[in-house]
Each structure stands twice: as structure tokens, then as C-alpha cells.
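Okay, so here's the structure we're looking at.
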Protein chains: 2
Amino acid sequence: MINNHCAVQPDVVLTGDRATGPLHLGHYVGSLKLRTRLQDEYEQTILVADMQGLTDNANHPSKVSSNILNVVADYLAVGIDPSKTTICLQSQLPALAELTMYYSNLVTISRLERNPTVKSEIQTKGFGRSLPAGFLTYPISQAADITAFNATLIPVGDDQLPMLEQTNEIVRKINTLAGKPVLSECRPLLSHASRLPGTDGKNKMSKTTGNAINLGASEKEIRSAVKSMFTDPNHLRVEDPGTIEGNVVFTYLDAFHPDASYVADLKAHYQRGGLGDGTTKKILEECLQELLRPIREKRAEYLSDKGQLTDILAKGTQVARVKTEAVLFSVKDIFGLNLF
Amino acid sequence: MINNHCAVQPDVVLTGDRATGPLHLGHYVGSLKLRTRLQDEYEQTILVADMQGLTDNANHPSKVSSNILNVVADYLAVGIDPSKTTICLQSQLPALAELTMYYSNLVTISRLERNPTVKSEIQTKGFGRSLPAGFLTYPISQAADITAFNATLIPVGDDQLPMLEQTNEIVRKINTLAGKPVLSECRPLLSHASRLPGTDGKNKMSKTTGNAINLGASEKEIRSAVKSMFTDPNHLRVEDPGTIEGNVVFTYLDAFHPDASYVADLKAHYQRGGLGDGTTKKILEECLQELLRPIREKRAEYLSDKGQLTDILAKGTQVARVKTEAVLFSVKDIFGLNLF
């Protein structure tokens, strides 16, 4: 693990989300809940990544633009507090684009093509040879995002580690060119939560595969999602023993039910037989309804005043602008380009 | 030739130079002289391309930064008038970097790899697989430069035509996305002047190969450059007939001597024999000394007041900033990203 972090400076946390759809329970478990804690301990910035969202959505940009405020409402609804966390919009921070340009000269095409995360995403998205340049180069843009805030602690899943490695390579090149430490290396804050599967139990929960429960889901949507949830296909009669592994209802109960010992009892009961999927689903549904009701209500309230939401985002972006321009200035200084 | 130019709108001219060295006679013949005429007919912008200069100089950035003001002094010395021409600095125009990011999503890597100009430059520079991303993608950055000024008429050599084609492809994609003409297609203003060879007669005049006569060359440098100039290697005795083709002295006399019929007489004399290289070189030297003396003097004068030079560049850049931000706004509007 790359770790040149200097213990004297307090950590700066950066996270973000591509604004390509409303956030869902996968985001909640994997990242949002953590951010509500991190904001009390660290200087934290959250970047609404609209420009990165366009790297594979340039032909239907409204998928991005229409979701910017939804994502901000999601943040606020789960308890991210704009007085503690800087929430800002990527497309309104020119320094990020400028840093990307400078860093592009320090990274080779073959290095980008070797990036495992990009490789697997190219395959998933079926780009083949018609890969947009912006998609291949987005690790450079991510490095710009991270360094522009001097972020040192990046909450990520392990699939994102190659991105941080690329960022630190750029940081070292810049610092070598400067002959002094101008940018800080970052290190991952690896999530302990395993990735939440979608309701179909096949893939991770995702905006695009229709297996997600959004944070703003209605009572009815939650009910129907839980009803159709993948359990144990061989558990045909209530009295039969059932399997826990791969049973999404139990995965969700583990993730969301507040009483772990109660869930442990349920599991034991299910495994020895006599507990039906209808019952476990009802327990899960109640738990999710309880979790999501206040979030849905707050979310709707925030979205009912888009002027105020925009204002929160604009204020955070102004704070971010000052920070990112300062870093851009230091980098341009290395290249001798602060003429006026 | 791509030409969707609307005859009603007056043409906007954009040119520029990578700030990687002082300008030389090749620039003078190929482009600078023309620009002093174009500024009287068109809205003209000249971009000092410092960021593009870094695409293959990131490891020795002072090669770029130390030449920015030299290039501006070169412009002023040859008669480019900042009250007629907007002279501006690429690195101080964030909209160019931002447009590059948006356009990057519209161009595939394989399209960039097919660009003949980039292909041949990759070969010349010996990049191989360690090609910097910023170098492969610089046609996108050039498209950003051109469109950011709504430039429609681009003085280029024919080796640059693929760049304009790439630009117009992006323009059409943007206009299609917008459902209306937001950006203007550009067309080349092809130079009639053939490319000036270097003093060695081998390659085009270039900053890097040591075969250039800079606009700021001293009297002594000019003399020594002409003395060492490539002529006819078989023209050993004055009385022998000499060859004109490939004889750099005559190529330069054609390019720089004000009296074409006098040069025609000289050529005839040289071809029938009896005219020595010493004499033709003396004539050329006088002609170049006369051409470059006032340019050198003005150049030195401008460079003696770097504050004033910087001020000229800063003022032009301010004008350019307003123009380019307006175009960026229109493009971001297509993507729905002008939230605040």
C-alpha cells in the first residue's frame, strides 16, 4: 500500500458520486452512512461528478443534468450536513479540468490501458475500440479531483485501488518536477462493508440494472422490491431447511436490521426449517420502510425547494473553488505558468 | 474541403504558436507576415500555446515558460498590432481546458490514433508506446482552441488539415446534440508559400534541429548562418554552371529578396556559370540583415520592458477570456450544466 502520508497534517477526505441517477441502498451501505460519520472527524468534501458522468453519457446528457439536485437531496436526506461537509459540483470547478490537462502530459496511453478498473469497465460497457478518449483518461481526471483538494484519505472499494495508485504516481511526478512536496499522496479508507447485492441477487446493486432500491423509493416500491427479492430457490415449503448464503433477504437484514442477535436467531430458524420467505420478507420490509421513511420525507422536502438546494450546492462549490484554484496555482507554478 | 461557413458572418481568424522557442524566418514566411495582413481584414486572435507546448515538454517546462514573452516580442516586432489582434495566453483561459474535457467524450481513441498528423509526429518524436495521453489528445485541445473563439478561418499548412477535420467533426457532434448550430465549422486558409527549408537544406526550418535563423538573430549569427548555408555541392569553381534546385541560398532569395527580377537574373547567371557562392551568399546576407535589423531592434526594445509585454498579453487574454467563457457557456448549456 502506498502511504507517504505525513502524520502531522490532519487528513482531508474526498468522495463523490457520478450524477447519473438517484442514489440507492447500495450507496447508503457502501458509502453514505460512513460519510455522515467522517464529517465529524475530518475536513470532508463531496464532489457531485457531473463531468465524469458525461464520459459515457455524452449522447444523453439529461441523464446527468437531471440528477444533480437529486443526488444533493440524497446527501442531505441521509444526514450529510453542508455546514460540516463541502458539497460541490465538478463542472463548476475549472481548476479540475485545468489540472487534468497538465497531468495528461505525465501519463502515457499504455499506462492508462493497463489500469485494471478501466479495463474491466471498458468490457462491461462494451466500448471496444470506440472508447471515448474521456473515458480512457478519466483516471487522470480523478487524480485531478483528488489532488485539487489535497485529499489524503479516500473511502473506496478495493476495485478503486488502481485509481489511487494512478493518482499517487502523478503526485510523485509533480513533486519530483517541483523538487519539493507540492501535492499530497492519498491512501484508501477501505470499506469493511461487503458490496450490497441487487434485489435479484445476481449483481451488485446498480442504477442501470433495475435491481436497486432508491433512497427515495415509495412505500409501494419498497414493498414490491422486497416481494420480488431473490431468496433460496430450493426453499419450497415453509417447513424445509433454507439456505442463508446468497439469500438476499438475509444479506439485507444483516446490512440494515438494527438488532444483530435477532437476525442471528432468524437465520438459525430459517436454516433448520419452519420459517417462510413471506415472514422474513415482511420483517425486512418493515425494517427498510422504517429506515427509508424519514429519508424519503426529508428528500422530498429538500427537492420541493430547488432554489435552496441549488444555493447549498453553489455555496459549497464556492468554497471548493477557492481550494482548487490554490492547488492549480501551485501546480502551474512548477511549470512557470503564473505569468499574470 | 469541409465548408459550412455561413457567408453572412464575417470570418474570425485564429492562429497560434507553441511557446517552445523563439520564432524564426520559417515562421515569418509561413505565417507571421500573413498575420500582419489578416489583422486589417478580420477579427484575429493569436494564441500563445504554452499548455500545448507542455504536451511533449512536461519534463523541462522552462523551455515553454521562458519563451512566452519571447514569442510575444516576436509578434510585436514583425508588426502584429495588439490593438488589432488579440494576443492571448492559453494557460490563462480555463474555458479551453473545460471544452477539451467535454469534447473528449465525443472522440474515440481509435479516431485519435488514425489522425495522420499525430501519427507522423508520434514517429518523429519517437514516442512509441510511451505516448503521453496529452499528446494523443491534443487534436481535441486544438478543437477547443478553435471553437472557443468561434474561429472560422484557420491559416495552416496542408499537414494541419486533419486537425481541422477533427475540429469540424466535433463541431457537428455538438451541433447535433444541441439540435441547432451552436459552434461554427472552420475552414483552412492554405498558405501559398512553400515551407522554408533550414539552412542545412535537409529539413524544414525548426527550433530543434539547429538549422534556423531566429527573428532575433544577431548580425554575426545571420552572417555565420548564411556562410554555412547549403548550396550546390557540385559547384566547385566559380566558372562552373550551378544548380538552383535545393540551393538554399536561392530558396531564401526567392522568399526574402524584394526584387524578383534581380533574383531571376542572378539565377540565370549562376546556372550558366561565373557566379560564385560567396557572391550569392553576400547578396542574401545583406538582404537578411536589412530585413532582420529593425525586427531585432524592436524585439530587443520590447523585451527590455517585460512588464509592458506582460501587460499586453494580460489585456489580450482578458478579452479572450470573455469570448471563450461565452462559448463554454453555450456548450455547457447543451449538457444542461449551467446550474448556477
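The values are calculated or read from the model by the stated rules, or taken from the named source; none is laboratory data. Only a predicted model underlies this, so the values are computations on that prediction, with no experimental measurement involved. Note that we place each Cβ from the backbone using ideal geometry, even for glycine, and neighbour counts take in every protein chain shown.
On the given criteria, is B:LEU266 under 25 Å from the mean Cα position of the chain (by Cα) and in contact (Cβ under 8 Å) with a residue 12 or more places away in the chain?
In short, no.
Scan the stretch A:15-41 and report the pairs whose first residue is charged (D, E, K, R) and whose second residue is surrounded by 20 or more Cβ atoms within 10 Å (Cβ to Cβ) and assigned to a helix (DSSP H, G or I), with Cβ atoms within less than 6 Å and a gap of 6+ or a chain change.
The qualifying pairs are A:ASP17/A:VAL71; A:ARG18/A:GLN52; A:ARG18/A:GLY53.
Quick one: which of A:ALA77, A:ALA95 is more than 13 Å from every other protein chain (Cβ to nearest Cβ), in a helix (DSSP H, G or I) and in contact (Cβ under 8 Å) with a residue 60 or more places away in the chain?
None of the other options fit; the residue is A:ALA77.
Taking the stretch B:292-310 as the region of interest, how many residues are in contact (Cβ under 8 Å) with a residue 60 or more places away in the chain and within 14 Å of another protein chain (Cβ to nearest Cβ)?
3
At least 1 residues that are more than 13 Å from chain A (Cβ to nearest Cβ) and either buried (at least 24 other Cβ atoms within 10 Å of the Cβ) or in contact with a Lys or Arg (Cβ under 6 Å, 6 or more places away or on another chain) (or both) in each: list the helices (runs of 4 or more DSSP H) lying fully within the stretch B:108-151 that qualify.
Details: elements: B:109-114, B:116-125, B:133-136, B:138-148.
Qualifying helices (runs of 4 or more DSSP H): B:138-148.
Contact list please: Cβ distance under 6 Å, first residue in the stretch B:311-323 and within 11 Å of chain A (Cβ to nearest Cβ), second residue of a type outside the set (A, V, I, L, M) and exposed (fewer than 15 other Cβ atoms within 10 Å of the Cβ), pairs at least six apart or on different chains.
Once the first residue is within 11 Å of chain A (Cβ to nearest Cβ) and sits in the stretch B:311-323, its partners that are of a type outside the set (A, V, I, L, M) and exposed (fewer than 15 other Cβ atoms within 10 Å of the Cβ) give B:ALA314/A:PHE340.
Against the condition at pLDDT 95 or above, basic (Lys, Arg) and not assigned by TED's automatic domain parsing to the domain that holds A:THR147, how does A:ARG321 come out, does it pass? Break it down stepwise before answering.
Numbers: at pLDDT 95 or above: yes; basic (Lys, Arg): yes; not assigned by TED's automatic domain parsing to the domain that holds A:THR147: no.
For A:ARG321, the condition - at pLDDT 95 or above, basic (Lys, Arg) and not assigned by TED's automatic domain parsing to the domain that holds A:THR147 - is not met.
What are the pairs, 6+ residues apart or on separate chains, where a residue within the stretch B:169-183 that is away from chain A (no Cβ under 13 Å) has its Cβ under 6 Å from a residue that is in a loop (DSSP other than H, G, I, E, B) and modelled with pLDDT of 95 or more?
Qualifying pairs under 6 Å: B:VAL171/B:LEU183; B:VAL171/B:GLU185; B:ASN175/B:PRO181; B:ASN175/B:VAL182.
Quick check on the stretch B:125-165: of everything there that is charged (D, E, K, R) and within 17 Å of the chain's Cα centre (by Cα), which residue is farthest from B:GLY53 (Cα to Cα)?
Here the residue is B:ASP158.
Is one or more of the residues making up the stretch B:2-12 touching a helix residue (DSSP H, G or I) at 6+ places or on another chain (Cβ under 7 Å) and modelled with pLDDT under 95?
Residues of the stretch B:2-12 that are touching a helix residue (DSSP H, G or I) at 6+ places or on another chain (Cβ under 7 Å), as a first pass: B:2.
Next cut, modelled with pLDDT under 95 only: B:2.
Yes, the stretch B:2-12 contains a residue that is touching a helix residue (DSSP H, G or I) at 6+ places or on another chain (Cβ under 7 Å) and modelled with pLDDT under 95.
With the checklist (1) within 21 Å of A:LEU38 (Cα to Cα); (2) within 14 Å of chain B (Cβ to nearest Cβ) in hand, flag the one item A:GLN160 doesn't pass.
Failing condition for A:GLN160: (2).
Scan the stretch B:71-90 and give yes if some residue there is over 30 Å from A:GLY134 (Cβ atoms), buried (at least 22 other Cβ atoms within 10 Å of the Cβ) and of a type in the set (Asp, Glu), otherwise no.
yes
Can you find even one residue in the stretch B:159-166 that is closer than 24 Å to B:THR15 by Cβ, at pLDDT below 95, touching a helix residue (DSSP H, G or I) at 6+ places or on another chain (Cβ under 8 Å) and assigned to a loop (DSSP other than H, G, I, E, B)?
No; the residues of the stretch B:159-166 include none that is closer than 24 Å to B:THR15 by Cβ, at pLDDT below 95, touching a helix residue (DSSP H, G or I) at 6+ places or on another chain (Cβ under 8 Å) and assigned to a loop (DSSP other than H, G, I, E, B).
Tell me yes or no: at least one residue of the stretch B:24-40 is modelled with pLDDT of 95 or more, not hydroxyl-bearing (Ser, Thr, Tyr) and not in a helix (DSSP H, G or I).
Yes, the stretch B:24-40 has at least one match.
Report, by residue number, each residue of the stretch B:166-192 that is over 16 Å from the mean Cα position of the chain (by Cα) and surrounded by fewer than 17 Cβ atoms within 10 Å (Cβ to Cβ).
B:ARG172, B:THR176, B:ALA178, B:GLY179, B:LYS180, B:PRO181 - these are the residues of the stretch B:166-192 that are over 16 Å from the mean Cα position of the chain (by Cα) and surrounded by fewer than 17 Cβ atoms within 10 Å (Cβ to Cβ).
Residues B:LEU32, B:LEU47: which one is within 15 Å of the chain's Cα centre (by Cα) and farther than 30 Å from A:THR108 by Cβ?
Result: B:LEU32 is the single residue among B:LEU32, B:LEU47 that is within 15 Å of the chain's Cα centre (by Cα) and farther than 30 Å from A:THR108 by Cβ.
Any residue in the stretch B:122-148 that is closer than 16 Å to B:GLN160 by Cα sitting within a Cβ distance under 7 Å of a residue that is of a type outside the set (A, V, I, L, M) and modelled with pLDDT under 85? List the pairs, counting only those 6 or more apart or interchain.
B:PHE135/B:PHE127
Across the stretch A:50-69, which residue is nearest to the other protein chains (Cβ to nearest Cβ) among those that are surrounded by fewer than 21 Cβ atoms within 10 Å (Cβ to Cβ) and in a helix (DSSP H, G or I)?
A:SER62
Would you say B:ASP145 is among the charged types (D, E, K, R) and farther than 23 Å from B:GLU43 by Cα?
When the stated conditions are applied, B:ASP145 does not pass them.
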